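The values are calculated or read from the model by the stated rules, or taken from the named source; none is laboratory data. Worth saying up front: this structure is predicted, and the values here are computed from it rather than measured. Glycine gets a Cβ as well: all are built from the backbone with ideal geometry, and neighbour counts include every protein chain shown. For accessibility, only protein heavy atoms count, side chains too; no ligands or nucleic acids. Shrake-Rupley method; radii C 1.70, N 1.55, O 1.52, S 1.80 Å.
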Amino acid sequence: MLDIAFIRNNPDLVKEGIRKKRMRMDLDELLAVDEQVRGLRRDVEQIRADRNRLSKEIPKLKGAEKDEAVAQVKGLKDGLTSKEPQLREAEERFEQLMLLVPNPPAPEAPEGDSDDDNVEVRTFLEPRQFDFQPKDHLELAESLDILDIPRAVKISGARMYCLKNEGVMLEFALFRFTLDHLISKGFQPMIVPQLVRREAMIGTGFFPLGEEDTFFIEKDNLYLIGTSEVPLVAYHMDEILNEKELPKHYCGYSSCFRREAGSYGRDTKGFYRLHQFNKVEQISICVNDPEVSRQEHNLLLSNAEEIMQALKLPHRVALACSAEMGQGQVLKHEIETWMPSRGKYSETHSCSTLHEFQARRLMIRWRSKAGQTRFCHTLNNTAAASPRILIPILENFQNADGSVTVPEALRPYMRGIERIEPKQ
RNA sequence: GGAGGGAUGGCCGAGCGGUUUAAGGCGGCGGUCUUGAAAACCGUUGACCGAAAGGUCCGGGGGUUCGAAUCCCUCUCCCUCCGCCA
């Protein structure tokens with residue numbers, strides 16, 4: 001959510017942001033409703049001020065004077081009962097519209113329509129050249145006996161999977177390695193609820209626009225999280241944090257659930273797009289200084305890059321173009337990892353700066369030494385998400401004999417296994 | 001699932017129809033004292049809207065009343081005990 005004062009003073013900038021993000025939203029309607037709310041509020045508050053003033057006199061009055069004053073206040077009440085519902089209605093509409101306004105992209109974010117317009121920032125390692133016919137991750141996983149999709153579909157439907165054997169070990173190794181790296185950087189490891197209330201979804205900016213992509217447990221009115229960003233950021237909802245405790249650095253492990261509505265037929269094979277996956281996510285909550293925010297962004301991004309470098313996975317860092325950015329994002333970098341079967345770099349990480357967007361919705365504030373309360377800035381970045389990251393691991397580290405070499409960094413967490421061999 | 005108790009400022013907690021402009025404590029900030037620190041003492045300190053005047057806010061909504069933190073209804077949430085259970 002943006003500051004309405006900012007919107008009033010910079011309507012063109014906000015409209016430009018709506019256009020760049022390729023969103024549909026009528027900002028003029030919001031500005032009109034804003035005018036309406038302010039007018040009604042002025043009227044209502046004037047009546048209330050009069051009533052309060054008169055009411056205070058009443059206990060001091062006696063007899064006819066008192067009766068007259070009481071009658072006068074009664075008269076004011078009629079004015080209130082007609083105006084108050086109008087005000088409430090206008091305020092409700094105002095709140096609805098405010099939830100739809102996107103955060104304008106930072107000037108450095110490239111304008112564009114799809115991930116083809118993302119701008120490469122740097123690369124790490126060259127894509128591997130094979131001197132044999134490489135297999136895709138599905139073939140590999142099947143022959144290694146670390147995957148069972150047909151049975152997952154039998155019990156749960158499309159876009160579901162079962163990991164088995166070394167596949168499970170590999171995933172746990174990856175997350176342990178990732179957590180250890182982040183803990184050594186001072187990040188607080190967290191396991192958080194994966195079912196959350198609506199407020200957490202709205203507050204982190206996933207609702208109302210992303211509601212279709214979310215699993216909902218109707219009986220209990222709870223939503224399955226699509227990322228632990230939701231509970232980790234909402235963790236400090238309605239709190240006022242002390243300047244001294246900022247920035248807050250968390251790394252949360254959770255499963256993630258996404259309906260992938262509207263993506264039918266896209267990426268239907270393999271580990272790329274699933275209803276359920278696991279992820280370690282990094283979160284930073286800091287003071288609302290764009291400079292600090294920028295430093296935090298770089299910190300989260302380099303943490304993820306360090307993990308990818310340690311795994312020796314060829315990847316590139318790219319600036320996401322405007323249309324690829326979420327409603328609340330000001331700046332987004334993606335790490336795209338080389339996936340031989342796709343013949344291109346594909347997104348495995350997403351690092352986002354949101355400035356005050358989430359903190360305003362969640363009422364996460366900080367108190368400065370001078371005693372002022374301000375909204376915080378929030379940021380998040382993937383540290384590792386599996387099984388998607390297993391695609392480049394399996395495909396890049398496959399050998400001519402069909403085995404897969406375990407990345408050195410993960411071996412200490414794999415009971416020393418160096419290779420996963422084909423079965424049967 | 002059964003029974004009960006709660007929701008008040010950054011935190012704890014009093015207040016139960018009209019000096020509440022929300023007591024008191026803790027914490028924060030400033031100061032006195034001290035070589036420095038601690039302790040002690042003194043002062044100060046709620047949030048939101050508004051350019052300001054002013055208004056709003058005691059979990060949300062509705063009601064009673066001239067007037068509600070305070071009374072009534074309702075919803076949400078939290079806690080305790082019992083039952084069941086990983």
Seminar exercise, completed: Within the range A:259-275, the residues that are at pLDDT 90 or above and either within 14 Å of residue A:147 (Cβ to Cβ) or not assigned by TED's automatic domain parsing to the domain that holds residue A:171 (or both) are A:271, A:272, A:274
Seminar exercise, completed: Listed by first then second residue, the pairs whose first member lies in the range A:134-150 and is under 16 Å from residue A:392 (Cα atoms), whose partner is open to solvent by 20 Å² or more (accessible area, probe 1.4 Å) and polar (S, T, N, Q), with beta carbons under 6 Å and at least 6 positions apart or on separate chains, are A:136/A:341; A:146/A:165
Exercise. Among the basic types (Lys, Arg), out of contact with any Cys (no Cβ under 9 Å at 6 or more places or on another chain) and without any contact (Cβ under 8 Å) to a residue 40 or more places away in the chain, is that true of residue A:74?
Worked result: yes
Exercise. Could you say whether any residue in the range A:26-35 is open to solvent by less than 50 Å² (accessible area, probe 1.4 Å) and touching a His at 6+ places or on another chain (Cβ under 8 Å)?
Worked result: no
For this session: Would you please name the residue that is nearest to the chain's Cα centre (by Cα), looking only at residues in the range A:136-172 that are more than 19 Å from residue A:256 (Cβ to Cβ) and of a type in the set (Gly, Ala, Ser)?
Result: A:141
For this session: Please enumerate the residues belonging to the range A:96-135 that are crowded, with 17+ Cβ neighbours inside 10 Å, modelled with pLDDT of 95 or more and either charged (D, E, K, R) or not in a loop (DSSP other than H, G, I, E, B) (or both).
Result: A:135
For this session: Can you confirm whether the range A:191-198 contains a residue that is surrounded by fewer than 17 Cβ atoms within 10 Å (Cβ to Cβ) and touching a helix residue (DSSP H, G or I) at 6+ places or on another chain (Cβ under 6 Å)?
Result: yes
Exercise. Only one residue in A:65, A:45, A:16, A:35 is within 8 Å of RNA strand B (Cβ to nearest atom), acidic (Asp, Glu) and in a helix (DSSP H, G or I). Which one?
Worked result: A:45
Seminar exercise, completed: By residue number, the members of the range A:227-276 that are open to solvent by 10 Å² or more (accessible area, probe 1.4 Å) and free of Cβ contacts under 8 Å to residues at least 12 places away in the same chain are A:244, A:245, A:264, A:265, A:266, A:267
For this session: With the checklist (1) surrounded by fewer than 24 Cβ atoms within 10 Å (Cβ to Cβ); (2) in contact (Cβ under 8 Å) with a residue 60 or more places away in the chain in hand, flag the one item residue A:324 doesn't pass.
Result: (1)
Exercise. Looking at the range A:271-380, what strands (runs of 3 or more DSSP E) fall wholly within it and have at least 3 residues that are touching a His at 6+ places or on another chain (Cβ under 8 Å)?
Worked result: A:276-286, A:315-319, A:331-339, A:344-353
For this session: Report yes if some residue within the range A:352-359 is surrounded by 16 or more Cβ atoms within 10 Å (Cβ to Cβ), modelled with pLDDT of 95 or more, out of contact with any strand residue (DSSP E or B) (no Cβ under 7 Å at 6 or more places or on another chain) and not small (Gly, Ala, Ser); otherwise report no.
Result: no
For this session: Would you check if there is a residue in the range A:68-76 being closer than 29 Å to residue A:199 by Cβ, within 15 Å of RNA strand B (Cβ to nearest atom) and part of a helix (DSSP H, G or I)?
Result: no
